[in-house]
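The structure under discussion appears below in the form of structure tokens.
The values are calculated or read from the model by the stated rules, or taken from the named source; none is laboratory data. Quantities reported herein were computed from a predicted structural model and do not represent experimental measurements. Note: ideal-geometry Cβ built from the backbone for every residue, glycine included; neighbour counts use all protein chains shown.
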Amino acid sequence: GSKFVTVVASGDKSDHINFSGYQVSNQCTSMVEADILVPTDYMELAYVRDKPLNEKHYVTDVQFTEKNEYGAEVRRDGRPMPVEYLLVDVPAGMPKDPCETFHISQTGFPIENRDVIGQVQSVSRVMEYINAFSSNQFIDLASNFHFLVYLLTNDLLKFPKEEILELVKHISARDRVKAAEWAENNDTWKIFIQVLQEQAHQGGPASAPSAAGNSHWACAHCTFENTEPRADCEMCGLPAN
């Protein structure tokens with residue numbers, strides 16, 4: 001049969017996430033391989049070919065069973081036939097006792113690729129997020145998926161993939177000691193913090209470009225017109241200088 005599975009994630013009546021899995025049946029796969037199943041103008045219906053494609057092409061009779069208006073089972077010709085007869089349910093769900101690798105803390109980190117709606121991963125926002133955690137809470141700080149993505153993709157100092165993979169192992173194991181040792185011994189992390197602090201200290205009117213005392217300035221990276229003095233661009237989050 002088919003090795004492809006479709007999973008639909010939606011909300012249920014209890015306001016929880018519900019998963020429904022579907023897969024085409026072995027019979028459907030066989031009909032596709034025999035080239036006798038064709039689509040129709042209606043997405044809920046399929047159709048079995050009326051005529052063979054050539055002399056060697058064989059079109060078998062396909063029938064399905066359904067209940068009529070009197071409740072009796074009757075056979076129908078597969079021209080057309082409901083698509084639901086070609087699908088089978090695949091068990092899908094969530095564990096009763098989930099164990100999440102990442103947690104949602106009260107101190108959120110801006111999600112990537114949302115600059116246009118005002119969620120900017122600026123230097124000030126990154127520093128605000130990091131400063132919300134103490135030194136012995138590093139694993140809580142790092143257990144944010146979007147923060148880890150930022151470490152890999154930011155324009156200030158990208159972390160090598162191998163170093164992030166090592167950190168993720170400690171996060172998955174919920175090993176606070178190993179995670180703290182990673183932060184203490186990782187040179188890239190130390191440099192990253194220094195760069196953030198330097199950028200943050202450049203904040204204020206003197207660090208933001210201005211003309212004739214005007215606080216409006218255009219970002220050299222994305223050309224966004226900023227309306228107030230700041231160390232980084234409000235739109236792209238890159239340094240002003």
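For a quick check of your reading: which helices (runs of 4 or more DSSP H) sit entirely within region 78-187 and have at least 3 residues that are among the charged types (D, E, K, R)? Even if it seems obvious, please write down each step before you answer.
Numbers: elements: 123-131, 138-142, 145-153, 161-172, 176-185.
Counting at least 3 such residues, we get 161-172, 176-185.
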Exercise. Only one of ALA240, ALA211 is modelled with pLDDT under 90 and within 23 Å of ARG114 (Cα to Cα); which?
Worked result: ALA240
Seminar exercise, completed: Taking region 1-33 and the residues there that are in a loop (DSSP other than H, G, I, E, B) and of a type in the set (S, T, N, Q), the one that is surrounded by the fewest Cβ atoms within 10 Å (Cβ to Cβ) would be SER14
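Have a look at GLN137, GLN202, GLN194 and point out the one that is more than 30 Å from PHE224 (Cα to Cα) and either polar (S, T, N, Q) or under 21 Å from the mean Cα position of the chain (by Cα) (or both).
Working: GLN202 fails: more than 30 Å from PHE224 (Cα to Cα); GLN194 fails: more than 30 Å from PHE224 (Cα to Cα).
When all the criteria are applied, what remains is GLN137.
Tell me, yes or no, whether region 39-53 has at least one residue that is acidic (Asp, Glu), touching a Leu at 6+ places or on another chain (Cβ under 9 Å) and modelled with pLDDT of 90 or more. Reasoning before the result, please.
Here is the first cut: in region 39-53, the ones acidic (Asp, Glu) are 41, 44, 50.
Still in the running and touching a Leu at 6+ places or on another chain (Cβ under 9 Å): none.
No: region 39-53 contains no residue that is acidic (Asp, Glu), touching a Leu at 6+ places or on another chain (Cβ under 9 Å) and modelled with pLDDT of 90 or more.
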For this session: For region 196-205, state whether one or more residues are touching a Cys at 6+ places or on another chain (Cβ under 9 Å), of a type outside the set (D, E, K, R), exposed (fewer than 15 other Cβ atoms within 10 Å of the Cβ) and at pLDDT below 75.
Result: no
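Here is a list: VAL74, VAL59, VAL5, VAL24. Which entry is free of Cβ contacts under 8 Å to residues at least 12 places away in the same chain and not polar (S, T, N, Q)? So that I can check it myself, show each step before the final result.
Details: VAL59 fails: free of Cβ contacts under 8 Å to residues at least 12 places away in the same chain; VAL5 fails: free of Cβ contacts under 8 Å to residues at least 12 places away in the same chain; VAL24 fails: free of Cβ contacts under 8 Å to residues at least 12 places away in the same chain.
Going through VAL74, VAL59, VAL5, VAL24 in turn, just one is free of Cβ contacts under 8 Å to residues at least 12 places away in the same chain and not polar (S, T, N, Q): VAL74.
Would you point out which residue out of LEU156, LEU167, LEU86, LEU148 is of a type outside the set (Phe, Trp, Tyr), surrounded by 14 or more Cβ atoms within 10 Å (Cβ to Cβ) and under 30 Å from PRO39 (Cβ atoms)?
Numbers: LEU156 fails: under 30 Å from PRO39 (Cβ atoms); LEU167 fails: under 30 Å from PRO39 (Cβ atoms); LEU148 fails: under 30 Å from PRO39 (Cβ atoms).
On inspection, the qualifying residue turns out to be LEU86.
Which residue, of VAL32, VAL38, is within 12 Å of LEU86 (Cα to Cα) and not basic (Lys, Arg)? Walk me through it before giving the result.
Details: VAL38 fails: within 12 Å of LEU86 (Cα to Cα).
Exactly one residue qualifies, and that residue is VAL32.
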